[in-house]
1. State the number of residues belonging to the stretch 188-216 that are over 12 Å from residue 355 (Cβ atoms) and either within 16 Å of the ligand (Cβ to nearest atom) or surrounded by 15 or more Cβ atoms within 10 Å (Cβ to Cβ) (or both).
2. Please go through (1) among the charged types (D, E, K, R); (2) within 18 Å of the chain's Cα centre (by Cα); (3) within 16 Å of the ligand (Cβ to nearest atom) for residue 234 and return the number of the only condition it doesn't satisfy.
3. Pick out the one residue from 111, 127, 136 that is at negative phi and in a loop (DSSP other than H, G, I, E, B).
4. So residue 239 passes all but one of these: (1) at pLDDT 95 or above; (2) out of contact with any Phe, Trp or Tyr (no Cβ under 6 Å at 6 or more places or on another chain). Which condition number does it fail?
5. Scan 309, 256, 315 and give me the residue that is of a type in the set (Gly, Ala, Ser) and part of a loop (DSSP other than H, G, I, E, B).
6. Being under 21 Å from the mean Cα position of the chain (by Cα) and more than 8 Å from the ligand (Cβ to nearest atom) is the filter here, so list the residues in the stretch 237-259 that pass it.
7. For residue 262, state whether it is within 10 Å of the ligand (Cβ to nearest atom), at negative phi and outside any loop (DSSP other than H, G, I, E, B).
Amino acid sequence: MSLRGTNQESGRPYNRRIVLETIRLHGPIARGEIARRVGLTVQTVSTIIRELELQDFIKGAREEPKGRGYPATALTLNPEGGFAIGANVSPIGVDVALINLAGDIIGQEGREIVNPDPDRAFAEIARIAAGLRRLRPAGRMLGLGMAMPGPFDVEAMSFVGPTTLQGWKDVPIAERLAAATGLPAFVGGDVASAALSERLYGAGRNLQEFYYLYLGVGTGGRLVHGGQVLRGARGNAGEIGHVPFIPDGEYCPSCGNRGCLERYLSVEAFDRRSKIVGEDGWIKEAAPLLRTAILAIENLFDPETIIFGGLAPEGVMKKLARAAEPLLPSVSERRDRKVPRFTLSITGKAALLRGAAALAFSNVLAPRIGTSGDDDNDPLMQKSKAEKAA
Ligand SMILES: [Zn+2]
């Protein structure tokens, strides 16, 4: 995505976000370089920089002088300039974290609840979030993002399987969360959130094209394409867990097909099968399916790499990734590779929570068309508003 500013005065809040996003993605960066990247004058960029510094969103450090001339200021995000709550709800409980603008987890707390219903989940999230906010009593809270298992809006899927949440259909989730916590609330899929976190903070930080394969309670995946998580028409693109890998295989109560990948390769499958065949026995069963999944993903999407993450115990993830080697021949088998075909990322739950918080950061901070032209309604300008009122 290339970020370009607009010269219309009504585009001011939009330009502010463009500049902030450029600093987030490319900082430390000097203002002249920002101006060149976004197509605004240095003067316009300097005005915005002053505003953003006053709002504590960014900070600058003088660079060492290179030759003659005044040294440039290298601008970076101020990690403590803003905070968001990241939450995750799954069939095994809720987890909540307080996360700063740089994606650092300031505090985190979870509660095991089997199949939490919306009322219980919203109450727990609100209670934990209130406690975590005490870690930064004066911190500026930008919002709350919640990640939850998909798929979304799929009529044929029953939502009664062991990997899906029950009783959440037709619940106005964002509105209820906002009411429970008093924060602007945003909801996204768990796999998409974790993929976003890998893109922003993790193994995919410098990659534009990768597939994130997620071994959660259920199994899913998302393609990051051009640096963005590919949504598809309804936000379900990449949902590999419900692709039947075994003809006439085990019945999948979630979607009604037989032989779905997640019946064999998921935390749910690990819990169920390892009780019978043991941990190593399960890895032996699951590894050929993982190997085939990698091949299918590579041939479909030609990614730079496949990042493998999730919620299984770290030791199990490592053994499983090793057992998938050697990988099968595919379009990705090339000598000139810069990154390996398959990368294990063990950030698991942290990735989910940071990705959930990123939903809130992106919704509040990221440039988008139609951002209000009115400074008084711009959440980026809250501080000056409060100062004006004081
Ligand atoms: Zn299925």
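The values are calculated or read from the model by the stated rules, or taken from the named source; none is laboratory data. As the structure is a prediction and not an experimental result, all values here were calculated from the model. Quick reminder, even Gly has a Cβ in these numbers, built from the backbone with ideal geometry, and neighbours come from all protein chains shown.
1. Start the filter on the stretch 188-216 by keeping residues that are over 12 Å from residue 355 (Cβ atoms), which leaves 203, 205-211, 213, 215-216.
From the residues that got through so far, the ones that are either within 16 Å of the ligand (Cβ to nearest atom) or surrounded by 15 or more Cβ atoms within 10 Å (Cβ to Cβ) (or both) too are 203, 207, 209-211, 213, 215-216.
Selection size over the stretch 188-216: 8.
2. Among (1) among the charged types (D, E, K, R); (2) within 18 Å of the chain's Cα centre (by Cα); (3) within 16 Å of the ligand (Cβ to nearest atom), the lone unmet condition for residue 234 is (3).
3. On the way: 111 fails: in a loop (DSSP other than H, G, I, E, B); 127 fails: in a loop (DSSP other than H, G, I, E, B).
It is 136.
4. Just one mismatch for residue 239, condition (1).
5. Numbers: 309 fails: part of a loop (DSSP other than H, G, I, E, B); 315 fails: part of a loop (DSSP other than H, G, I, E, B).
The conditions single out 256.
6. Applying the first criterion (under 21 Å from the mean Cα position of the chain (by Cα)) to the stretch 237-259 yields 237-241.
The answer is 237, 238, 239, 240.
7. On the way: within 10 Å of the ligand (Cβ to nearest atom): yes; at negative phi: yes; outside any loop (DSSP other than H, G, I, E, B): yes.
For residue 262, the condition - within 10 Å of the ligand (Cβ to nearest atom), at negative phi and outside any loop (DSSP other than H, G, I, E, B) - is met.
Here's the yes/no breakdown for (1) assigned by TED's automatic domain parsing to the domain that holds residue 138; (2) modelled with pLDDT of 90 or more:
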residue: 281; (1), (2): no, yes
residue: 290; (1), (2): no, yes
residue: 300; (1), (2): no, yes
residue: 335; (1), (2): no, no
residue: 357; (1), (2): yes, yes
residue: 373; (1), (2): no, no
